[in-house]
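As structure tokens, the structure follows; a few thoughts come after it.
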Amino acid sequence: MKKVQLIQAGEFNPEDHWYPKALNATIHPMISFFLNLSKERIIKRYCHLHPTVNKQALDQILSQPMKHFRWAGADLLNVTNESGKRQMVLIETNSCPSGQKSMPLVHDDKEQGSYKELITRTFQPLLKSKRNLVKGALAVIYDKNPMETVGYAKVLADVMKEPIYLVQFDQYDENPPIRFKDGIMYVLDDQQEWQAIRAAFRYVTQRPWNRIPLHTKTRILNPVLACLAGGRNKMVASKAYDIFNAELVNSGLYINTPETIWDVSKTEIPLWVKKMGGQAVVKVPYSNAGQGVFTIVTEQELEHFMKQEFDYNQFIVQSLIGNFNWSSNSSRGKLYHVGTIPNLKEESFVADIRMMVSSTDTGIRPLCVYARRARKPLLDTINEGSESWDMLGTNLSIKNADGSWGSDTNRLVLMDRRDFNKLGVGLDDLIEAYIQTVLATYAIDNMCKTLIGSKGKVKMRLFKSLNNDAKLLEEILL
């Protein structure tokens, strides 16, 4: 595929932008019902089940458009505790999330699905204000996931009725087709001329801050600031959640995450693993696509982790959610996976739920939902030599031998009539997942606002106090 393509209106073909199993799937009625629930009905139901929640506070949060973090996807786990209290736990929030290619159509006659919804309700409004809008073309820039990114470019061409530059922007490209000058993005076209870009839809996910400046005059969905403030930075995200939870203390609302220890050096990790009962999750804060996440259940897994070399100096350690017999002890009790409904072999699998949302003029609304299961079934006991990641890791991204990215679609759980029932979740679980996703998105957007100074520039001294990792700070393109 060429690094730069010019996409024209009328080129969208649905079969190119969905997995075959999703393209031909019929959405489950409960998912369709959930996606069409009004904000008022969601608030009424949620407050009925959580009577200590302040209705006005929840209404305000669900009604508030986001300023910086306008498009997000949260990964959540359906868990329970020894008392049988089920809950949705937020694992992480992603800027520029995947998911469109895994979502069955909500309306059969709307063949561009939620691709078009995201473009029309979240990206297009970025262009409404002409103030300080530079003159130029529109672009979709990406570093992986061409199935979805090409789809976005083709929908954008249809919606805007103009050609769209589709640009591959890899982090190790020695001759990238994108450059920035005076805050304006330029794309190198077929005539080897640099074309100014007034706004860009971004699916650049691998350390985007090392090639996209923090401050741009070109409008970008999402800006790099959203990544550093928590969308691609698990360290700052954890702090954003804690700060927001403190603000929510009188509302009855809170972001429900595993117990998290941040700013951990590598040498400290064995101490925290021991404190959590010998089971923990260690994360490189700035990785994604399932990379840089290490589940530690045995001494062998801890030893293997400690022998590895890493680019960064700081880590986060979280309590591990596994089987009841081998989950972490934490201040929030012992949580374990509900898991999928047992199959014919009586095997149950860990599964997470991805909830994608975007900001609209009337607040944050859900876009699409899908789930992913682990490679191997969840066991009651860990056998020596077993790898816990095979039972706990759900991310579908796989790195091919040539360095490109692929997906293990065999583990994709669709929100259709056949797959959804295997998850064992109901409408109230979906509402809970949505509320958790909105709260997390809101917290990260608040962190973005906190990091912006009075002159519109990021307060790097404040950011350094939140995330003093020398290697990361070297990478950020100001």
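For L214, the stated conditions do not hold, so it cannot be described as touching a residue at least 24 places away in the same chain (Cβ under 8 Å), of a type outside the set (V, I, T), under 28 Å from K455 (Cβ atoms) and assigned to a helix (DSSP H, G or I). Among residues of the range 234-250 that are under 19 Å from G73 (Cβ atoms) and at pLDDT 95 or above, those with a beta-carbon under 6 Å from a residue that is assigned to a helix (DSSP H, G or I) and among the small types (G, A, S) at least six positions away or on a different chain give the pairs V236/A229; V236/G230; A237/G230; A240/G230; A240/A443; Y241/A443; F244/A443.
Could you list, in sequence order, the residues of the range 63-106 that are of a type in the set (K, R) and surrounded by fewer than 22 Cβ atoms within 10 Å (Cβ to Cβ)?
K67, K85, R86
Tell me whether the range 301-313 contains one or more residues that are within 17 Å of L271 (Cβ to Cβ), in contact with a Leu (Cβ under 9 Å, 6 or more places away or on another chain) and either at pLDDT 90 or above or exposed (fewer than 13 other Cβ atoms within 10 Å of the Cβ) (or both). So far as the range 301-313 goes, no, none of its residues is within 17 Å of L271 (Cβ to Cβ), in contact with a Leu (Cβ under 9 Å, 6 or more places away or on another chain) and either at pLDDT 90 or above or exposed (fewer than 13 other Cβ atoms within 10 Å of the Cβ) (or both). A single entry from L439, L472, L478, L462 fulfils the requirement of being in a helix (DSSP H, G or I) and either at positive phi or modelled with pLDDT under 95 (or both): L472. Among the numbered conditions (1) more than 22 Å from the chain's Cα centre (by Cα); (2) of a type in the set (K, R); (3) not in a loop (DSSP other than H, G, I, E, B), the only one that K110 does not meet is (3). The residues of the range 290-334 that are farther than 17 Å from L77 by Cα, of a type outside the set (S, T, Y) and part of a loop (DSSP other than H, G, I, E, B), listed by number, are Q291, G292, V297, K307, Q308, E309, F310, D311, N313, Q314, N329. When N256 is tested against (1) within 23 Å of Q87 (Cα to Cα); (2) over 20 Å from the mean Cα position of the chain (by Cα); (3) assigned to a loop (DSSP other than H, G, I, E, B), only condition (2) is not met. The set of residues from the range 6-31 being outside any helix (DSSP H, G or I), more than 18 Å from V159 (Cα to Cα) and touching a strand residue (DSSP E or B) at 6+ places or on another chain (Cβ under 8 Å) comprises Y19, A25, T26, I27, H28. Within this structure, S358 passes the test of being closer than 26 Å to D416 by Cα and polar (S, T, N, Q). Just so you know, in the range 369-397 the residues that are assigned to a strand (DSSP E or B) and aliphatic (A, V, I, L, M) include one that is nearest to S327 (Cα to Cα), and it is A371. Taking first residues from the range 436-456 that are closer than 14 Å to P65 by Cα and in contact (Cβ under 8 Å) with a residue 40 or more places away in the chain and partners that are hydroxyl-bearing (S, T, Y) and assigned to a helix (DSSP H, G or I), the Cβ contacts under 6 Å between residues at least 6 apart in sequence or on separate chains come to A443/Y241.
So is R418 surrounded by 15 or more Cβ atoms within 10 Å (Cβ to Cβ) and either at pLDDT below 90 or among the charged types (D, E, K, R) (or both) or not? In short, no. Counting residues in the range 307-321 that are polar (S, T, N, Q) and free of Cβ contacts under 8 Å to residues at least 12 places away in the same chain gives one or more.
The values are calculated or read from the model by the stated rules, or taken from the named source; none is laboratory data. Every value quoted in this text rests on a predicted model; they were computed, and no experiment measured them. Cβ atoms come from the backbone with ideal geometry, glycine included; neighbour counts cover every protein chain shown.
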